[in-house]
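Derivation of every value follows stated rules applied to the coordinates shown; laboratory data play no part. Note that the structure is predicted; figures quoted are calculated from it, not measured. Neighbour counts are summed over all protein chains in view; Cβ atoms, including those assigned to glycine, are modelled from backbone coordinates with ideal geometry.
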Amino acid sequence: MPFKTILLALITFSFIAATSFAAEAEQVAEVGVRTLMKSPEKYSRQVKVTGVVSQVVEDAKILGLIDLEEFKDCNKVTCAKLILPIRWDGTMPEVGQQLTSTGKIQKEGERYLFIASDLVVISPKQP
């Protein structure tokens, strides 16, 4: 086989492998609060979580997010069994707003904390 053919094949293979790896690395799992809270250790990469803000602690830069389905079941932010603590350095949303947040789970002591790199309000404050 001529050298140029082998070189071209290697370059093509390398490009395909790099493209596949990049596409896999960019995929972000999308989960609800309930799913994430039940098995946080399963999510070592970035994840996008959707829920409703149940509490905001401005000074600590922490907000609590509850599962959207759980919110729909009781129509209140106070009845959730699981609350995901999210550290967010940007402008805090309001209690009752539905949002998505992208970030990573981090273990702090015995608890898990979601470190947000992005936060997008989907809908205005819920009743």
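Ordering F71, S44, V56 by Cα displacement along the dipole of the range 33-127 toward the positive end leaves S44 in first place; charges were set at the Cβ atoms of Lys, Arg (+1) and Asp, Glu (-1).
Between K48 and R87, what FRET efficiency follows from the Cβ-Cβ distance if R0 is 22 Å, with the result rounded to 0.05?
0.85
Treating the range 36-127 as a set of equal point scatterers at the Cα positions, no solvent, please give the Debye-formula log₁₀ I(q)/I(0) at q = 0.16, 0.18, 0.22 Å⁻¹. Log10 of I(q)/I(0), two decimals: -0.58, -0.74, -1.11. Cβ crowding within 10 Å, taken as a proxy for footprinting-reagent exposure, orders V77, V95, V120 from fewest neighbours to most as V120, V95, V77. Placing +1 on the Cβ of every Lys and Arg and -1 on the Cβ of every Asp and Glu, with nothing else charged, gives the range 28-123 a dipole about its Cα centre of roughly 300 debye.
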